[in-house]
Amino acid sequence: MTAELVRGQNHPLSQSRLEIRISAGTPVAAAAALSDENGRIHGTEWVAHPGAPVQPGLEVSRQAAADHRLAVDLDAMTEAVHRVSVLLALPAANGGAGPARFGAVAAPFVAVTGLDGTEVASYTITGLDLESAVVALELYRRQGAWKVRAVGQGYAGGLAELFADQGLSEAAQLAAGIDEAVARGLARSVQAPPPRTSEGDRSRQAAAPAVGPDQGAAPQGVPGPVPPAYGGQPADGQGQGGPQPAYGGATGPHASAGGGPVDYSHPRRQTSAPPPPPPAAPPAQPGQPTRPVAGDATGWSMEERLYNQVWGMFEDLARTAAAYRSAVDFAESRMDKELEQALSDPRSRIGGQGDAAREAARARYTQLVDQARASLDRDVAQLVAESEVVEPALPPAFARWDNPCWHAYRVPMEIPMALRLGDLRLPEAESIRIPMLLRLPLERGLWIDSGRTDSLDGSFTDSHDMRRLAMDTAVAHAARLLAVYPAGEFTVHVVDPAGSGAQALAPLTQTGVLAGPPAQGAAGVTEMLARLTQRVDLVQMALRGGAPDALPPGFDTSQQLLIVNDFPHGFDDRAVNQLRYLVDEGPSVGVHLMMVADRAESAGYGPLLDPLWRALLRLTPVPDDHLADPWVGHAWTYEPPAVPHGSEVLRTVLTQVAEARRTWNR
């Protein structure tokens with residue numbers, strides 16, 4: 001099963017002979033650097049690059065291309081080699097044609113595969129801007145076993161800065177040599193592995209490798225889909241049909257062995273979204289609405305199709321509600337104008353003529369509103385029918401707690417695309433609920449607001465009950481995060497200075513899924529924040545220094561979540577500043593925050609904490625219409641996830657998570 005890595009995440013390698021497949025959407029130069037246990041490159045002979053494509057256990061392409069295939073044999077590495085870093089660079093940054101920074105091109109996609117094409121791990125390098133060279137990923141040796149880690153460390157100074165950062169004294173000379181070799185365009189690519197027949201390959205397959213003067217024709221490959229970018233769209237415009245250039249082939253004409261031009265361009269390259277899945281239901285009868293089908297959106301996997309379908313339903317509901325509101329506004333404005341015209345004539349202010357004009361205006365208003373309501377009801381009925389099909393098909397990460405899929409729950413092996421945080425609805429369509437999905441990994445912290453004391457239905461909830469409901473909601477969110485991550489990939493800490501959340505935290509504490517007992521008192525708050533702040537500093541220094549493997553032995557590389565209850569009780573000024581630091585800097589290195597707090601209780605800090613609250617995604621333990629979409633500006637009512645009353649699903653799932661973690665750590 002393929003592991004889709006995020007920056008800093010690692011994955012074990014079970015084979016020694018591998019291929020690194022690269023798809024960049026624009027010609028890039030690919031290289032691989034060997035380094036010791038301290039991450040130092042001992043000399044230019046430790047780098048495989050277009051000018052010297054073969055090193056012990058390594059072979060790379062001799063030219064810049066949009067697609068590459070690098071060959072790796074870990075068993076052939078010497079004992080001094082502890083790390084193999086895969087490097088990408090834009091030739092244009094050093095005087096060539098084309099883009100000069102990665103921020104101007106599609107996000108590069110890198111996949112580690114077996115020789116048969118089976119994908120082991122993949123990584124889409126996002127977040128690049130001015131960088132013209134990047135350490136994509138690294139294969140590293142740890143306690144006699146090899147692993148792959150997603151790095152994504154970019155350098156605005158190009159290869160020269162990259163090699164200098166790796167401690168190579170001849171950095172500038174080596175970078176210049178690589179540029180010269182790329183300019184020569186030596187037409188040779190690494191031999192392709194046996195063709196794949198599976199349609200599930202996410203890496204871009206070659207139809208025929210480029211033929212150089214020292215290389216014969218290679219077998220045909222099977223074209224495959226491109227990796228989807230954020231939101232389910234392809235990172236590059238690669239289609240599935242037609243021949244494609246070789247990995248390591250160029251994208252423009254070069255001189256062949258006979259002196260004539262060779263065109264390596266894509267003959268039938270397409271720029272389109274992934275193809276829709278085949279229809280799973282017969283077409284509707286004439287005059288009848290289309291029968292809804294779960295997973296009929298575009299995407300390379302059922303999970304991605306369902307994700308795109310859910311947000312398609314969200315857009316459909318937003319669009320039809322906006323049309324209804326616009327029609328009602330138009331009807332009201334027209335009625336007001338007609339009434340004003342009728343009243344402007346003194347002769348029609350009294351008597352039967354004026355009454356008739358007013359009745360006609362109101363009748364036209366009612367007719368328009370009824371037509372708009374009929375259209376809205378028709379669209380909502382179709383969405384309700386689609387929801388009734390989609391909800392039962394959702395995987396656990398997208399499903400409600402009452403979905404039967406939780407009865408067959410097993411700890412996953414991969415991180416899902418997104419997480420369900422609750423439901424969204426509009427007042428015009430009370431019969432339909434749209435799942436609120438948040439992409440993973442989290443990009444910002446969560447704030448469970450315990451300060452509201454009334455709800456939309458007019459009922460009143462006292463402050464004590466609100467705090468209890470807020471902690472219950474936080475525990476439900478934390479449990480779902482633990483449930484959708486692979487064993488050992490997500491760690492939860494709790495700060496509960498006064499111990500007021502003990503009852504709500506029972507499912508987490510009693511099943512043993514927490515990293516340790518909840519921190520209590522001012523001393524516990526200080527110790528916890530100091531530990532997580534130090535973690536953020538260490539990881540940032542390691543990543544910025546290009547040495548993510550230099551972290552202390554036994555360092556926990558999993559995602560971290562800190563649940564903070566009763567803020568600001570137990571927090572001094574230093575702790576508040578550390579909390580703000582975690583909110584700002586933590587998500588980029590896998591440290592996330594979940595605040596359970598009433599903002600009014602921290603009013604004494606004044607505007608100091610305004611950036612903290614703005615940086616968090618505010619959720620509520622009771623339905624509240626505080627979420628607005630930037631598309632049409634609707635105020636959506638958010639409904640928190642509710643565990644069915646009396647259900648043991650939360651404890652059952654957390655028990656499985658705890659058992660999987662114990663098995664993983666053995």
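The values are calculated or read from the model by the stated rules, or taken from the named source; none is laboratory data. All of these numbers come straight from a predicted model, not from anything done at the bench. Cβ coordinates were reconstructed from backbone atoms using ideal geometry, including for glycine residues, and neighbour counts include every protein chain displayed. Ligands, DNA and RNA are excluded from the accessible area calculation, which covers all protein heavy atoms including side chains. Shrake-Rupley method; radii C 1.70, N 1.55, O 1.52, S 1.80 Å.
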Across all Cα atoms of region 61-160, Rg and the largest Cα-Cα distance (Dmax), in Å, are 14.5, 44
Can you tell me the dipole magnitude for region 366-406 around its Cα centre, using point charges on the Cβ only (Lys, Arg +1; Asp, Glu -1), in Debye to the nearest 20?
60
Over 5 Å intervals from 0, what percent of Cα-Cα pairs in region 358-439 sits in each interval?
3, 13, 16, 17, 14, 10, 8, 6, 5, 4, 3, 1, 1, 0
Rolling a 1.4 Å sphere over the protein heavy atoms, what is the accessible area per residue of region 1-156, to the nearest Å²?
34
Taking N as its residue count, the alpha carbon Rg of region 295-432 over 2.2 N^0.38 Å:
1.64
How do 508-515, 129-136, 148-155 rank on mean C-beta neighbours within 10 Å, highest first?
148-155, 129-136, 508-515
Local electrostatic count, G633, Cβ distance below 15 Å [Lys/Arg +1, Asp/Glu -1]
-3
Mind jotting down the three principal axis lengths of region 1-144 based on Cα atoms? Whole angstrom, largest first.
42, 36, 28
Name the chymotrypsin sites (Phe, Trp or Tyr not before Pro) in region 566-666 that are in a loop by DSSP and that have at most 11 other C-beta atoms within 10 Å, would you?
W631
Amide H of Q153 versus every other amide H placed in the peptide plane: which residues, excluding those fewer than 5 positions away on the same chain, fall under 5 Å?
V135
What is the magnitude of the charge dipole of region 436-540 about its Cα centre, with +1 placed on the Cβ of each Lys and Arg, -1 on the Cβ of each Asp and Glu, and no other charges, expressed in debye to the nearest 20?
280
Region 488-571, accessible area per residue, ligands and nucleic acids excluded (1.4 Å, Å²):
39
For region 376-528, take the alpha-carbon Rg, divide it by the Kirkwood Rh, and send me Rg/Rh.
1.01
